[in-house]
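Chemist: Okay, handing you the structure first.
The values are calculated or read from the model by the stated rules, or taken from the named source; none is laboratory data. The structure displayed is predicted, hence computed values, not measured ones. Note that each Cβ is placed from the backbone with ideal geometry, even for glycine, and that neighbours are counted across all protein chains shown.
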Amino acid sequence: MSQPLSDPNEIKAVVREHYGNAIQCASGCCGPTSTSCCGPTSTEVALYGEATIATLPADMVTTSYGCGNSLALAQLQPGEKALDLGSGGGLEVLLAARQVGPEGFVYGLDMTDAMLETARRNMEKAGVTNASFLKGDIEAIPLPDQTVDVIISNCVINLAPDKSQVLGDAFRVLKPGGRLAVSDIVFDGELADLPVSEAELRTALSWAHCFAGALTMADYRRLLSAAGFVDVGLEVTKRYTVADLRAESDGAELLTSLPDVAVAALDGRITSCAITARRPA
Ligand SMILES: C[S@@+](CC[C@H](N)C(=O)[O-])C[C@H]1O[C@@H](n2cnc3c(N)ncnc32)[C@H](O)[C@@H]1O
């Protein structure tokens, strides 16, 4: 049996290559029939609403790889300082920058050069000046202690090999009383209930497509509490059927190594979750 990816550097390399290729393709229009280049797709409209997307310049690359709307969860206020972990093409940073207004500021943090380049181009096109895109790893956030009011993140924490490091560093950079508002892929229930081992399950899923590295709900709560967060909330916003999982993985060989009974048991167990928590005041 092949093993799930476990070397942190290998995981990050796979993720970086996947998202670097994806955004270069979206920015450069991959082939004459591509529809996802330059301009919103149905994903962005479904996540953020037509009216919000219509406020953005038509020629910016709005490609989103999120699994929810962490911005809606965050309820940003004018003057706040926010940080987006794994900011991708920058869509949520730019929308957030408008919400916090000229007195506020938003940082986007990403480790993939092509994503950062696209995000910076988008920022210029959108005329946003109260934001900045930083290169770095969400496991070692390049900001001082207690500097941000709100952390948002959309479908990224599952991609980090060391989630407890990510949540610990998120806690560190939040001001006392600061909030965490995250959309992420999460397993509902205990993996031990499935008729395959955790290693077999994770091998049959894809890290880059955000499934293989997902925490269980119980582990998410445990790691958030261990990092010091309080008022932890996890709410399922979408359940993925097996067909959804395969469709979201655009051609990657997913679940093929599992017996039918295990595939059937997975139906609806992988979810998108809205996750909220707070650093005590
Ligand atoms: C699924 S995409 C989501 C992008 C964006 N949040 C969105 O909603 O479109 C994941 C992003 O996280 C970045 N990423 C993944 N792991 C990271 C890490 N350890 N440190 C920094 N960025 C990371 C990837 O480069 C990619 O841009």
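Chemist: Among the residues of region 87-110, is any near the ligand (Cβ under 9 Å from one of its atoms), surrounded by fewer than 24 Cβ atoms within 10 Å (Cβ to Cβ) and in contact (Cβ under 8 Å) with a residue 40 or more places away in the chain?
Modeler: Looking for residues that are near the ligand (Cβ under 9 Å from one of its atoms), surrounded by fewer than 24 Cβ atoms within 10 Å (Cβ to Cβ) and in contact (Cβ under 8 Å) with a residue 40 or more places away in the chain, one finds none in region 87-110, hence no.
Chemist: Next up: Considering region 218-244 alone, what residues qualify as being within 16 Å of Cys155 (Cβ to Cβ), buried (at least 18 other Cβ atoms within 10 Å of the Cβ) and touching a Ser or Thr at 6+ places or on another chain (Cβ under 9 Å)?
Modeler: Once the filter is applied, which keeps residues that are within 16 Å of Cys155 (Cβ to Cβ), buried (at least 18 other Cβ atoms within 10 Å of the Cβ) and touching a Ser or Thr at 6+ places or on another chain (Cβ under 9 Å), region 218-244 yields Leu234, Tyr240.
Chemist: OK, next. So which residues in region 159-200 are assigned to a helix (DSSP H, G or I) and buried (at least 23 other Cβ atoms within 10 Å of the Cβ), if there are any at all?
Modeler: Leu159, Val166, Leu167, Ala170
Chemist: Anything in region 140-158 that is surrounded by 19 or more Cβ atoms within 10 Å (Cβ to Cβ) and outside any strand (DSSP E or B)? List them, or say none.
Modeler: Matches in region 140-158: Ile141, Cys155, Val156, Ile157, Asn158.
Chemist: Can you name the residue in region 5-22 that is buried (at least 17 other Cβ atoms within 10 Å of the Cβ) and farther than 17 Å from Ile138 by Cβ and, of all such residues, is modelled with the lowest pLDDT?
Modeler: Leu5
Chemist: Related question: Within region 240-275, which residues are without any contact (Cβ under 8 Å) to a residue 60 or more places away in the chain, touching a helix residue (DSSP H, G or I) at 6+ places or on another chain (Cβ under 6 Å) and either farther than 24 Å from Arg221 by Cα or assigned to a strand (DSSP E or B) (or both)?
Modeler: Those that are without any contact (Cβ under 8 Å) to a residue 60 or more places away in the chain, touching a helix residue (DSSP H, G or I) at 6+ places or on another chain (Cβ under 6 Å) and either farther than 24 Å from Arg221 by Cα or assigned to a strand (DSSP E or B) (or both): Val242, Leu254, Leu255, Val263.
Chemist: A further question follows. Could you list, in sequence order, the residues of region 207-222 that are under 17 Å from the mean Cα position of the chain (by Cα) and not small (Gly, Ala, Ser)?
Modeler: Trp207, His209, Cys210, Phe211, Leu215, Thr216, Met217, Tyr220, listed by residue number.
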